[in-house]
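Chemist: The following block contains the structure, expressed as structure tokens.
The values are calculated or read from the model by the stated rules, or taken from the named source; none is laboratory data. This structure is a prediction, so every number in the text was calculated from the model and none was measured. Every residue, glycine among them, receives a Cβ derived from its backbone with ideal geometry; neighbour counts consider all protein chains shown.
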Amino acid sequence: MNIENVINLVRQEVVAVRKDLAGWLERDEAHLHYRPADGGWSSMQVLEHIMLTSHFLLIIIDKGAAKAMRRALTVPIREDWEDYSFVSNALDEIAIHKSFAWDRPLHMEPMGNLSLSAVRTTILEHFSRCEAYLDLLKHGEGTLYLTTMSVNGIGKLDVYQYIYFLILHAKRHLTQLQRNRNEFAANVY
């Protein structure tokens, strides 16, 4: 897979997941605040968690992108992408809700003190930043810096993979949002 294909794939995922999330961010308050019978998070809490997690992932992406751009000034970007491996099984599993035990840090737990408007604005801004990094690192610069990801034993990720991780994390919770919606609909109608 060449780097243009990787960037296009990640961009398509950014656009698709942003669109899906935007739909959830327009739901009525009753649905968003409905707590599922199993005691899990409401849809509003799930959206806040996505926002918080994306915030902290973007801190790492910001640093990684800056370091990759600095490194691109002195280190040549690869020309042969034959041995570049973008996705692993451990990375793919991020998108599957409850596919593995995930102990999230407390700072990524929803507190419930943010408005829907604030969550919406922040999530959409996060996805715009991801797209901006894909534009900035359009020649493969994002592969020049690796950062360790301990979740699911993934290991080292480049900037493109970190952005993809952010997207997969949101996809993981889109499943949870759909379950909440189905349960809410079954209880209301």
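Chemist: Output yes when any residue across the stretch 46-58 is closer than 19 Å to K138 by Cβ and among the hydrophobic types (A, V, I, L, M, F, W, C), and no when none is. Lay out the reasoning, then the answer.
Modeler: In the first step, residues of the stretch 46-58 are kept if they are closer than 19 Å to K138 by Cβ; the result is 58.
Okay, now just the ones that are also among the hydrophobic types (A, V, I, L, M, F, W, C), so 58.
The answer is yes; a qualifying residue exists.
Chemist: May I pose another question? Which of the residues belonging to the stretch 114-154 are touching a residue at least 60 places away in the same chain (Cβ under 8 Å) and part of a strand (DSSP E or B)?
Modeler: Across the stretch 114-154, the qualifying residue is only T147.
Chemist: If you go through the stretch 120-133 one residue at a time, do you hit one that is among the aliphatic types (A, V, I, L, M), farther than 19 Å from I3 by Cα and either at pLDDT below 95 or surrounded by fewer than 16 Cβ atoms within 10 Å (Cβ to Cβ) (or both)?
Modeler: Our first condition is that a residue be among the aliphatic types (A, V, I, L, M); within the stretch 120-133, this holds for 123-124, 132.
From the residues that got through so far, the ones that are farther than 19 Å from I3 by Cα too are 123-124.
When the remaining residues are screened for being either at pLDDT below 95 or surrounded by fewer than 16 Cβ atoms within 10 Å (Cβ to Cβ) (or both), the result is 124.
Yes - at least one qualifying residue is present in the stretch 120-133.
Chemist: Return the only residue of R35, R27 being farther than 23 Å from F127 by Cβ and more than 15 Å from the chain's Cα centre (by Cα).
Modeler: Step by step, each of R35, R27 is checked, and only R35 is farther than 23 Å from F127 by Cβ and more than 15 Å from the chain's Cα centre (by Cα).
Chemist: Could I ask something else about it? Take the conditions assigned to a helix (DSSP H, G or I) and in contact with a Pro (Cβ under 6 Å, 6 or more places away or on another chain) and apply them to E4. Does it pass?
Modeler: No, not satisfied.
Chemist: Being surrounded by 16 or more Cβ atoms within 10 Å (Cβ to Cβ) and over 19 Å from H97 (Cα atoms) is the filter here, so list the residues in the stretch 33-54 that pass it.
Modeler: If the condition is that a residue be surrounded by 16 or more Cβ atoms within 10 Å (Cβ to Cβ) and over 19 Å from H97 (Cα atoms), then Y34 is the only one that fits.
Chemist: Under 8 Å between Cβ atoms, which residue pairs at least 6 apart in sequence (or on different chains) link something in the stretch 72-100 that is within 16 Å of L144 (Cβ to Cβ) with a partner that is hydroxyl-bearing (S, T, Y)?
Modeler: I77/T143; R78/Y84; R78/T143; Y84/T143; F86/Y160; F86/Y164
Chemist: Which numbered condition trips up R71, out of (1) at pLDDT below 95; (2) among the basic types (K, R); (3) more than 21 Å from the chain's Cα centre (by Cα)?
Modeler: Checking R71 against (1) at pLDDT below 95; (2) among the basic types (K, R); (3) more than 21 Å from the chain's Cα centre (by Cα), the one that fails is (1).
Chemist: Just one of (1) touching a helix residue (DSSP H, G or I) at 6+ places or on another chain (Cβ under 7 Å); (2) within 26 Å of A30 (Cβ to Cβ) trips up T121, so point out which.
Modeler: (1)
Chemist: Would you call Y160 assigned to a helix (DSSP H, G or I), over 24 Å from M44 (Cβ atoms), out of contact with any Ser or Thr (no Cβ under 6 Å at 6 or more places or on another chain) and not β-branched (V, I, T)?
Modeler: When the stated conditions are applied, Y160 passes them.
Chemist: Now a separate question. Name, by its number, the condition in (1) modelled with pLDDT of 95 or more; (2) not in a loop (DSSP other than H, G, I, E, B) that does not hold for N180.
Modeler: So the condition that N180 fails would be (1).
Chemist: Would you kindly identify the helices (runs of 4 or more DSSP H) lying entirely within the stretch 10-102 that contain at least 3 residues that are touching a Gly at 6+ places or on another chain (Cβ under 9 Å) and over 28 Å from N187 (Cα atoms)? Spell out the reasoning first.
Modeler: Working: elements: 29-32, 43-72, 89-92.
Qualifying helices (runs of 4 or more DSSP H): 43-72.
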